[in-house]
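What follows is calculated from the coordinates using simple rules that are stated; it is not laboratory data. Since the structure is predicted, the reported quantities are computational estimates derived from the model, not experimental observations. Ideal geometry is used to build each Cβ from the backbone, glycine not excepted, and the neighbour counts take in all protein chains shown.
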Amino acid sequence: MRLRFASTPASLSGAMIEGLGHLLFPAVCALCRKPLEKDEDAICTECFAEFSPFPGAAAGGEALIRTVCSHFGQTALPAGAWGLYPYRSAGRLHEAMHALKYGGLFPLGTLFGRRLGELIRQDDHQGTIEAIVPVPLHPLKRIERSYNQAEMIADGIAGVLGLPVSTQCLERRVHTASQTGLGLKERRENMTGAFRPGRRSCTGRVLLVDDVLTTGATMVAAAEALKESGAGEVLFAVVALTAKE
């Protein structure tokens, strides 16, 4: 006797497979480990709510510019700036940034990048941006970590704005120590000569991207090298800006 099975519609079959996959490998929040809802990606809504974004689309960029100006003066100011969140050394955002940078959760970079891209797209004064440039890692650091978190963020921004990401117009020439815990003087010295123009020239208005900005030493040094590479103007975009405790 031949057994006969009722056929399953393709849409239902796909839903069944998706449901089975969720049971076997449930998607959970990277921070609190609670199961994610269908419209959530990597981080749940409750954890995102704890990040406390800057009030208003322009507030993060204005805070970034004030920080850079206070440490490096008017001549170091970017042509434009955007930032999503104030950053403190505790809390959910700190956990997320640490997981992105050191925990191997590089998809968080793309997630943050998309949110940053949406913020930039809301700005009527963004102007024409030719390319997005992530702050590069030294090759040895790139091998150690296997990815550059700034590139992941840049990819997320690019997906929203429809712009190319360039990783060949800026190089990190010095394997610098971590900036964490350093004062302004040490940060400046740490970044002296850290970057140089890459193999390809970079022209027009360029968006320079990193994960966290504290004094601006890294991005100011990188922007100087980009201008040596031919960039007319450099704009800054970061996920988080270190807040004064």
Send over the semi-axes of the range 52-242's equivalent ellipsoid, whole angstrom and largest first, taken as the square roots of 5 times the C-alpha gyration tensor eigenvalues. 20, 20, 18
Integer Hz, Karplus 6.51/-1.76/1.60 couplings in order for the range 75-89, x for Gly and Pro: 5, 9, 5, x, 6, x, 7, 9, x, 8, 9, x, 10, 10, 7
Virtual spin-label span in nm between GLU118 and GLU228, 7 Å along Cα→Cβ: 3.8 nm
Between SER201 and ARG33, what is the label-to-label distance in nm when each label sits 7 Å out along the Cα-to-Cβ direction? 5.5 nm
Residues whose modelled amide H sits under 5 Å from the amide H of VAL174, counting only those 5 or more places away in sequence or on another chain, are none
I'd like the distance separating the alpha-carbon centroids of the range 85-123 and the range 201-245, in whole Å. 17 Å
Rounded if a/c is under 1.5, else prolate if a/b beats b/c, else oblate: with a ≥ b ≥ c from the C-alpha gyration tensor eigenvalues square-rooted, which is the range 105-160? oblate
Given backbone amide H placed at 1.01 Å from N, residues whose amide H is under 5 Å from that of VAL234, ignoring those fewer than 5 places away on the same chain, are ALA79, VAL206
Tell me, what HN-Hα J-couplings in whole Hz come from the Karplus equation 6.51 cos²θ - 1.76 cosθ + 1.60 at θ = phi - 60° for each residue of the range 40-52, using x for Gly and Pro? 9, 9, 6, 10, 6, 4, 5, 5, 4, 5, 7, 6, 6
Between LEU140 and GLU62, what's the calculated FRET efficiency when r is the beta-carbon distance and R0 is 51 Å? Round to 0.05. 0.90
Under 5 Å between amide hydrogens, which residues at least 5 positions from LEU241 or on another chain qualify, with H placed 1.01 Å from N in the peptide plane? TYR85, TYR87, LEU213
Please turn the phi angles of the range 224-240 into ³J(HN,Hα) values with the Karplus equation 6.51 cos²θ - 1.76 cosθ + 1.60 (θ = phi - 60°), one per residue in order, whole Hz, x for glycine and proline. 4, 5, 5, 5, 5, 6, x, 5, x, 9, 10, 10, 10, 9, 9, 5, 9
